[in-house]
1. Any idea what the relative contact order of the range 394-503 is, in percent, if you count C-alpha pairs under 8 Å spaced at least 6 apart?
2. Once the piece of chain linking His436 and Asp371 is laid out straight, how much longer is it, given 0.36 nm per residue of separation minus the C-alpha distance between them?
3. Determine, for each peptide in 321-332, 489-500, 37-48, the mean count of other beta carbons within 10 angstrom over its residues, then list the peptides with the highest first.
4. Sort 470-476, 398-404 by the packing proxy (mean of other Cβ within 10 Å over each peptide's residues), most packed first.
5. Where does the range 252-389 land on Rg(C-alpha)/(2.2 N^0.38 Å)?
6. State, to one decimal in nm, how far the label point of Ala522 lies from the label point of Asp297, with both points 7 Å from Cα in the Cβ direction.
7. Report the calculated FRET efficiency for His407 and Asp38 (r = Cβ-Cβ distance, R0 = 30 Å), to the nearest 0.05.
8. Can you pull the Rg over Rh of the range 418-462, Cα-only, Kirkwood?
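FYI, it's all coordinate maths here, none of it is from the lab. In this text the structure is predicted, and so the values were computed from the model without any measurement. Note: ideal-geometry Cβ built from the backbone for every residue, glycine included; neighbour counts use all protein chains shown.
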Amino acid sequence: GSSSFCDPIRLSRSLVVMKLLYSALSAIIVPSLGNLWDQVEPGSVAFFELGKCASGSPAYYGLVKPLNHDKTDELFVEMMGGAICFNSASCENSGLKQWTDIDWFLTQFMKIPADYVVLLKSGASVPLNLMLQLKSGYFPADASHPFWGKYGIYFPVCTADIFTGKHNASYEPSAEQLTDDRDHTCNETESGAGEDYRGCQNRTASGLRCQSWTGAKSGESGWDANATDGLGDHNFCRNPSRTGGGGRGTSNAPWCFVEDDYLSWDICKPVATLTSKTMMHHGGKNVADLLDMVKADGHNFTKISMLGASGGGVAAVAWSTVIADIWPEAEVFAVADSSLHVFPGTPLFDYFWEYSQYGHGPASCGVPKYDVKTPDFDWRETDAIAKHLQSYDGRVKVGYLSCLDDHVVYGDRKILATFAGLTDYMEELIDPDTQHDRTWAFLNSLHECAPDGTVFSYINNCDSHHQTRGGFPDSNHNPGQITPQTFINQLLKGELPDPNGTTQFWFEEHEASASDKSCPSAVRRRRSPTPEVEEEIDLCTTPTTSGDESDEQETSSAANRWPLNLICLMAFSKVFA
């Protein structure tokens, strides 16, 4: 039955069959050099290697092939949600580190068994009904789905840069991370996931001091400090089992509750292992490389639907105009689900523009980067997105779907502000009234300043996150209006959400203020030169990386784009039928 398709034992058995078949037949399988989607079985998705994750491990992209490809001039692109990291402490934090490596993300965040991860990374065609059970994206389930009948691209995130970077950033550990005030007579040995660790490490890898296991946070979370697994009246890192007695740890590394007003816990790492690290923020480069491959395949799409959730929604909006330049005859519809974390023209955005090494701001000057076209992501003005849209004569449209009090937004801001050193600004960032005011101001400005009929928004009075993945709870439906799913589906089909021309679907009315209507900034630049607008100009000239890695990645990508043997697919499908 479908409820047990992630059973590790069943997966292991099926993988043995598949590996044996592949070993026997791999000598006669050659990379596909034609249509990229020729490698994928109908009604399936297959993942192929391309580029790097932030950790340096391989990154992947997915190709979705419909059962019946009857919408040949249409394409959909889905960008999986994801957070960012921007210095050594944030990249070591458990909540942000999971977005820097595909294995960490799949096993720690998605809770996918390791054997199934091997399958996903093998290039095998995975039936879409199995991906639907994972709830990892908005995959087409039937003919009513807006992606039905279309070729699709799916980007799992592992670059911690919301798909905009092309840089090799270098981060030095902070003084807090390097503070070592533990008892050096302790036994610091550990193995596996650190369930056996009984040392005296008392700070997290991100530099936060551990709280005692008899402290308030441990008690509130239901931990018994008198249990086995090395807990007690101390603040040393441990990886205890929920059942006690040396069972499987609750993390893939020792951890502790932390002495911090806003964060609860974090993972630990020996201080001696914390050195300068290079993070490959190549999300933008990976997207650009794949889009070049699709364009080189000769596809002339006339309608492109983009969907992103959380950080992926920010990326979808940022990439919408770049994709419109790549396919100049196409209408582009970009929908952002649960993506109201950082508003244009606010202090939080300005911080990351100023200090992020993988953006286009001053901190990126001198950082090695690749010479590829990515979104400039210059949203320092409140009407920046609207002015981007003005360059495209209505050809690019964007939609926002969100709960007004999305709980993940508040949680993400706590993490971002903590490691950005913005704790003095924290109360404003997590204050619901401030979030409400800025949500309405942002959306009113966007609706007022963008060309008519290019912006749509649906705001519910709720707190859920990633509705396209969570199944659109009935409680999120605004009374007397279309449903959130209808809103999303219509836009992703390239149609108006409401035939009567309604563009704002809000649970309560909010009139635009004079400042919302001011639209002060100039029309944004396009990458393609036109007589009306100037070309994009970088703020600084930065060194570019050598072509060695790019050439290696291109070769690796081609070698990994092999068609799945039908026998393997049949064996896999039968096991999970």
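1. 36
2. My answer for the length gained is 19.5 nm.
3. On the way: 321-332: 18.9, 489-500: 16.7, 37-48: 20.4.
Final packing ranking: 37-48, 321-332, 489-500.
4. In descending order of packing, they fall as 398-404, 470-476.
5. Details: Rg = 18.5 Å, N = 138, 2.2 N^0.38 = 14.3 Å.
Ratio of Cα Rg to 2.2 N^0.38 Å: 1.30.
6. Result for the modelled spin labels: 3.9 nm.
7. On the way: r = 43 Å, r/R0 = 1.42.
After rounding to 0.05, the efficiency reads 0.10.
8. Computed over Cα atoms, the ratio is 1.12.
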